[in-house]
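Here the structure comes first, spelled out in structure tokens, and everything after it is commentary.
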């Protein structure tokens, strides 16, 4: 991103500081990690069509657009975040289509079918009530031989219950979502109501590594690559921490289950 545009956007009074924060850390994650990884591993090259499901303001997708992605599509159910992304894209002259779409309940548009070389699904799948249906619907918009890049925090990880989002003291404690339900509910009962409700939803979904992999195979994808992280790539943007895969540690009993803070997958449509 040109420094001049970044500075201008940072000073733009029409965009809230919160929206700027989310946009910039997503853009930096895309530019510094996801795009380089996608190019090195061969799942993306300039000129290919890229879509992002649950794009929010579209920061990651804009990093792909800068590297030559075409027919960029950003979908989400959060209309306010889509509008912010659309405005940022207009100001930066990014050719990205922002549109409201529910990947489980809305039928993918005909013009999207088998159109995209790469689809991104970052920290979204754990929020969806039907993992297999979501993956099956996404598969319809991917070209044969194309890929789906998915990341999510597995449920048994320290904050896999998203309890930190309720913004209270109890939510700062790791693994409390694995405590008996009566204790867990007590610890999250104060905080933002909508976040508490979402945490309760995730408690029912409980997306684990095994559950995701089973859904990926049932939906017809091939699991091409899996990387489990002890320290997530996004932590560099948020906290200045290095990225740290589990690697050999993942074979120690209990480590993969309880210390995988991010599971990242490349799924291939054959």
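With 126, 132 as the choices, which residue is on the phi < 0 side of the Ramachandran plot, part of a helix (DSSP H, G or I) and in contact with a helix residue (DSSP H, G or I) (Cβ under 6 Å, 6 or more places away or on another chain)? First the steps, then the outcome.
On the way: 126 fails: in contact with a helix residue (DSSP H, G or I) (Cβ under 6 Å, 6 or more places away or on another chain).
When all the criteria are applied, what remains is 132.
Can you say whether residue 172 is surrounded by fewer than 19 Cβ atoms within 10 Å (Cβ to Cβ) and touching a strand residue (DSSP E or B) at 6+ places or on another chain (Cβ under 7 Å), as far as the supplied structure shows? Let's see the steps before the verdict.
Working: surrounded by fewer than 19 Cβ atoms within 10 Å (Cβ to Cβ): yes; touching a strand residue (DSSP E or B) at 6+ places or on another chain (Cβ under 7 Å): no.
No, not satisfied.
Quickly run through segment 187-198 and pick out the residues that are surrounded by 13 or more Cβ atoms within 10 Å (Cβ to Cβ), assigned to a helix (DSSP H, G or I) and free of Cβ contacts under 8 Å to residues at least 40 places away in the same chain.
187, 195, 196
Taking segment 93-106 as the region of interest, how many residues are assigned to a loop (DSSP other than H, G, I, E, B) and either in contact (Cβ under 8 Å) with a residue 12 or more places away in the chain or touching a helix residue (DSSP H, G or I) at 6+ places or on another chain (Cβ under 6 Å) (or both)?
Final tally of qualifying residues: 6.
Might you let me know whether segment 38-48 holds any residue that is closer than 21 Å to residue 125 by Cα, surrounded by 23 or more Cβ atoms within 10 Å (Cβ to Cβ), under 19 Å from the mean Cα position of the chain (by Cα) and without any contact (Cβ under 8 Å) to a residue 60 or more places away in the chain?
no
Based on what the data block shows, is residue 152 at pLDDT below 95 and touching a helix residue (DSSP H, G or I) at 6+ places or on another chain (Cβ under 7 Å)?
no
With the structure loaded, tell me whether residue 158 is outside any helix (DSSP H, G or I), touching a residue at least 40 places away in the same chain (Cβ under 8 Å), surrounded by 20 or more Cβ atoms within 10 Å (Cβ to Cβ) and touching a helix residue (DSSP H, G or I) at 6+ places or on another chain (Cβ under 8 Å) or whether it fails that test.
Answer is no for this residue.
Which one of the conditions (1) at pLDDT 95 or above; (2) touching a strand residue (DSSP E or B) at 6+ places or on another chain (Cβ under 6 Å) does residue 207 fail to meet, given that it meets all the rest?
(2)
Using the structure shown, decide if residue 146 is within 15 Å of the chain's Cα centre (by Cα) and either assigned to a strand (DSSP E or B) or within 29 Å of residue 62 (Cβ to Cβ) (or both). Let's see the steps before the verdict.
Values: within 15 Å of the chain's Cα centre (by Cα): no; either assigned to a strand (DSSP E or B) or within 29 Å of residue 62 (Cβ to Cβ) (or both): yes.
So residue 146 does not fit the description; no.
Are any of the residues in segment 71-84 surrounded by fewer than 17 Cβ atoms within 10 Å (Cβ to Cβ) and more than 24 Å from residue 113 (Cα to Cα)?
yes
Give me the pairs, please: first residue somewhere in segment 199-227 and without any contact (Cβ under 8 Å) to a residue 40 or more places away in the chain and at positive phi, second residue anywhere and loosely packed, with under 13 Cβ neighbours inside 10 Å and assigned to a loop (DSSP other than H, G, I, E, B), beta-carbon distance under 9 Å, and either six or more positions apart or on two chains.
Pairs found: none.
Can you tell me how many residues in segment 64-88 are in a strand (DSSP E or B) and over 18 Å from the mean Cα position of the chain (by Cα)? Don't jump to the end; show me each part of the working.
So the first thing to find is which residues in segment 64-88 are in a strand (DSSP E or B), and the list is 70-76.
Those left that are additionally over 18 Å from the mean Cα position of the chain (by Cα): 70-71.
Of the residues in segment 64-88, 2 are in a strand (DSSP E or B) and over 18 Å from the mean Cα position of the chain (by Cα).
Quick check, is residue 215 touching a helix residue (DSSP H, G or I) at 6+ places or on another chain (Cβ under 9 Å) and part of a helix (DSSP H, G or I)? Can you show your working first?
Working: touching a helix residue (DSSP H, G or I) at 6+ places or on another chain (Cβ under 9 Å): yes; part of a helix (DSSP H, G or I): yes.
In short, yes.
Does segment 54-70 contain at least one residue that is over 14 Å from residue 120 (Cβ atoms) and in contact (Cβ under 8 Å) with a residue 40 or more places away in the chain?
Yes: one or more hits.
What is the number of the single condition among (1) in contact with a helix residue (DSSP H, G or I) (Cβ under 7 Å, 6 or more places away or on another chain); (2) under 18 Å from residue 149 (Cα atoms); (3) surrounded by 15 or more Cβ atoms within 10 Å (Cβ to Cβ) that residue 223 does not meet?
(3)
The values are calculated or read from the model by the stated rules, or taken from the named source; none is laboratory data. Here the structure is a predicted model, which is why all the values come from computation and not from measurement. Counting neighbours? That spans all protein chains shown, and the Cβs are built from the backbone with ideal geometry, glycine included.
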